[in-house]
Amino acid sequence: MASDSSPSPIRTLVVDDEPLAIERLQILCAREPMIDLVGTASDGEAALRLLEALEPEMLLLDIAMPGLDGIGVAKAIEKLAKRPAIIFCTAFDQFAVAAFDLAATDYLLKPVAQDRLAKAVARVIERRRAPAEETAVSDHAQEFWVPHRSEMIRIAAQDIDRVEAERDYMRLHVGSRSFLLHQTITELERRLDPAMFIRLHRSTIVRRDRIARLSHDGMGVWHAVLTDEERIRIGRTYLPAARALMGR
């Protein structure tokens, strides 16, 4: 007899300091056939105790909690040999960068919607099936999560065409759309793969394969002309790296 290859429900622990939030997540979980809710915790310390006792495969984890918060819980889980998937559920979008530095699977904004929870669960199942080499941690960010209206949108790093600084935010250009990420350009440059991206100006990072040609105006000012004919001025500090694209 052939074995059933369909995935089993995911053993899940809900962690939140607000009783109403726990109740809402319990209701949402009951509607998801791929969730097996094994317990709840009202603070970070209790969550770590239940991790050992219940061995959940997934956490629906609040961030802003008294005592040990959700980020602290996630950091503690990083040290475990067998780590559950983490889906952050929070009312605040400013923790997204820290959350995904900790390899969170998803980041849901409260009030959590049923369809967004379903998508997050699907991502956990997808990562379960992925070969080990595909889930290996990279030195550089493979994706970014940015707030858009009432949800967080996943943007693959390889889909970003260019990045432009706007005060305390970075505008990520992805095709005809753009999204704002609350992060400094220096930190973003560190997280992006330098083999794929190059900084051309103090306020601009460009994906290397989007550069069609370099041009200068005869007065020492160089521009990178992108494949969509957008012209990006190259800062003097970054000119040597840009000229290295030409082998010069």
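Would you please classify the overall shape of region 1-54 from the alpha carbon gyration tensor, given that a ≥ b ≥ c denote the square roots of the eigenvalues, rounded means a/c under 1.5, and beyond that prolate means a/b larger than b/c while oblate covers the rest?
oblate
Could you identify which residue out of Arg177, Arg236, Arg83 has the top mean-square fluctuation in a GNM of the chain using Cα springs shorter than 10 Å?
Judging by the Gaussian network model, the answer is Arg177.
Amide H to amide H under 5 Å from Val174: which residues, 5+ apart in sequence or cross-chain, H placed 1.01 Å off N in plane?
Close amide H contacts, sequence-distant or interchain: Asp161, Phe179.
Starting from region 1-93, pick out the trypsin sites (Lys or Arg not before Pro) whose DSSP state is loop and whose Cβ has at most 15 other Cβ atoms within 10 Å.
Answer by residue number: Arg31, Lys79, Lys82.
For region 148-246, what relative contact order do you get, as a whole percent, if you take Cα pairs closer than 8 Å and at least 6 residues apart?
18
Pop the C-beta distance of Arg123 and Ala98 into the FRET formula with R0 = 25 Å and round what comes out to the nearest 0.05.
0.85
Kindly rank 84-91, 110-117 from highest to lowest mean number of other beta carbons found within 10 Å of each residue.
84-91, 110-117
What residue among Ala103, Ala120, Ala46 shows peak mean-square fluctuation when the chain is described by a Gaussian network model with Cα springs under 10 Å?
Among Ala103, Ala120, Ala46, the largest mean-square fluctuation in the Gaussian network model of the chain belongs to Ala46.
Based on the alpha-carbon gyration tensor of region 203-248 and its eigenvalue square roots a ≥ b ≥ c, which shape applies: rounded if a/c is under 1.5, prolate if not and a/b is larger than b/c, or oblate?
The shape class here is rounded.
Each value in this text was obtained by applying a stated rule to the coordinates, not by laboratory testing. Computed from a predicted structure; not experimentally measured. We place every Cβ from the backbone using ideal geometry, glycine too, and count neighbours over all the protein chains shown.
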